[in-house]
Every structure is written in structure tokens, then in C-alpha cells.
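Reviewing the structure listed below.
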Amino acid sequence: MEILAGTPISLGAELMARMARYRHKVFVERLGWPLPSPEGMEYDQFDRPDTLYLVALRDAITLVGTARLLPTERPYLLGEVFPELMGDAEVPRSPDIWELSRFAAVDLDSIDPHADGRYSSPLAVALLRAAMSAAAGAGVGRLITVSPLGIERLLRRYRISASRAAAPRFVGEQQVFACWIYTDIPGSGGRPLHSQQSDASSTKRDA
């Protein structure tokens with residue numbers, strides 16, 4: 001598996017369109033989220049020219065995961081749409097905090113017993129570590145994300161440093177919470193994304 005990172009310009013229009021269709025299939029068709037998705041392509045107001053994306057590819061062709069990184073000094077999903085998830089704490093606005101959103105890691109062409117519609121554990125961990133590495137390489141120490149409760153099991157299983165920002169709340173019929181993820185990857189030394197590799201994947205930085 002290969003994980004690419006970049007802005008819309010560096011990733012290119014064709015790959016961005018494939019990513020938008022993948023997001024539609026995962027978030028709208030599989031999870032039933034009521035998101036605007038004209039022509040089967042899911043975008044929102046936080047998909048900007050300066051947004052950093054990660055795209056996971058199988059066999060350099062099939063899109064099997066995606067994630068979005070947004071600086072919290074500009075408008076972002078939790079800050080604008082779900083500020084109540086921070087409880088009594090202030091919404092993060094800091095150069096060393098980014099938001100991780102629109103995170104999905106599932107191969108839509110395969111039946112994975114570990115997948116729950118949005119995540120396949122091995123894919124999710126590889127993509128999450130790539131996001132952590134991208135952030136660490138930019139000097140970002142923490143990620144904030146709106147997460148379902150089930151993500152905590154995955155984080156504990158793979159010993160990813162994380163904590164709750166506040167108590168979970170219901171959004172619609174699902175309990176979610178604001179989750180802090182710390183980018184200090186053991187052994188990485190904060191290296192930039194292009195230098196990170198695992199046994200199952202390679203990662204390239206294109207920004």
C-alpha cells in the first residue's frame with residue numbers, strides 16, 4: 001500500500017475526484033450520513049485549496065483510504081460544526097494543533113472481517129500513523145478529531161497516544177467525542193512523512 005499526501009493542486013484533479021467519490025461511497029452510501037454529495041462526490045466547506053489530504057492506494061491504483069488535515073487557526077469541522085464536543089474547554093485555535101477529519105480506511109472491493117463500514121484496522125492504523133507523521137513533520141504536536149467511541153479500542157490496541165478532550169455526546173444516533181491524538185510516534189523522531197515506511201506500506205510526501 002502507498003500513502004500519498006498533498007494539496008488539491010499537488011494531488012491533481014483526477015485523484016481528488018476519485019477521493020470525493022470514495023468519500024461519498026463510505027460516508028453517504030455505507031454510513032448514511034446526510035452530507036451534500038452532488039454527482040456522487042462528497043465535498044464540504046473545509047475542502048479548500050490549502051487543505052492537506054492523505055490518500056491510500058492499493059496496487060498504486062485502487063483508493064482504499066483517505067484523511068484530511070486542517071490547521072485549527074482557520075475554520076475546521078469541530079470548531080465550526082461541533083464545538084459542544086469540547087465540553088467546557090475552549091475550541092482549539094493553535095498553530096501546533098491540526099484537525100484530522102473525513103478519515104476512512106476501508107477497501108470497498110474486498111470483504112474485510114475487521115472492517116466496520118468506515119475502518120479496516122490494519123489500513124486505519126497505517127493511515128493514522130501517516131497523518132501523525134505528516135503533522136509531526138510540520139511541527140504539529142497534537143491532532144483533534146471527532147471520533148466514534150469504537151476508535152478508542154483501535155487506539156489502545158495499537159498503543160497510539162490519545163485521550164478524550166471531553167465526555168462523549170450523541171450526534172444524531174451515534175455517540176462521538178473530541179479525541180486528542182499525540183503525534184509523538186515511537187522511533188520516528190518527528191521525521192517528515194516521506195521518510196516513514198512500514199512493512200505493509202510506503203508513504204510519499206507531495207506538497
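The values are calculated or read from the model by the stated rules, or taken from the named source; none is laboratory data. Quantities reported herein were computed from a predicted structural model and do not represent experimental measurements. Please note: Cβ atoms are built from the backbone with ideal geometry, for glycine as well, and neighbour counts cover all protein chains shown.
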Subject >> Yes/no for E39 being under 22 Å from F177 (Cα atoms), of a type outside the set (S, T, Y) and either touching a residue at least 24 places away in the same chain (Cβ under 8 Å) or out of contact with any Phe, Trp or Tyr (no Cβ under 8 Å at 6 or more places or on another chain) (or both) >> reply: no
**OP:** Check S37 against each of (1) in contact with a helix residue (DSSP H, G or I) (Cβ under 8 Å, 6 or more places away or on another chain); (2) modelled with pLDDT of 95 or more; (3) surrounded by fewer than 22 Cβ atoms within 10 Å (Cβ to Cβ) and name the one condition it does not meet.
**Re:** (2)
Subject >> Verdict on R159 being surrounded by fewer than 18 Cβ atoms within 10 Å (Cβ to Cβ), out of contact with any Lys or Arg (no Cβ under 8 Å at 6 or more places or on another chain), within 23 Å of G87 (Cα to Cα) and at pLDDT below 95 >> reply: no
**OP:** Report the residue count in the range 56-74 for those that are surrounded by fewer than 21 Cβ atoms within 10 Å (Cβ to Cβ), outside any strand (DSSP E or B) and within 15 Å of the chain's Cα centre (by Cα).
**Re:** 0
**OP:** Considering (1) among the basic types (K, R); (2) in a loop (DSSP other than H, G, I, E, B); (3) under 22 Å from G6 (Cα atoms), say which one R93 fails and leave the rest.
**Re:** (3)
Original post:
Does any residue in the range 54-75 that is of a type in the set (K, R) come within less than 6 Å, Cβ to Cβ, of a residue that is part of a loop (DSSP other than H, G, I, E, B) and buried (at least 20 other Cβ atoms within 10 Å of the Cβ) six or more places away or on a different chain, and which pairs are these?
Top reply: R58/M1
Subject >> Residue in the range 97-124 that is surrounded by the fewest Cβ atoms within 10 Å (Cβ to Cβ), counting only those that are modelled with pLDDT of 95 or more and more than 18 Å from K25 (Cα to Cα) >> reply: I97
Original post:
Y53: assigned to a strand (DSSP E or B), crowded, with 19+ Cβ neighbours inside 10 Å and either of a type in the set (S, T, N, Q) or under 16 Å from the mean Cα position of the chain (by Cα) (or both), yes or no?
Top reply: yes
Original post:
Do the conditions hold for F46, that is, is it assigned to a strand (DSSP E or B), touching a strand residue (DSSP E or B) at 6+ places or on another chain (Cβ under 9 Å) and at pLDDT 95 or above?
Top reply: no
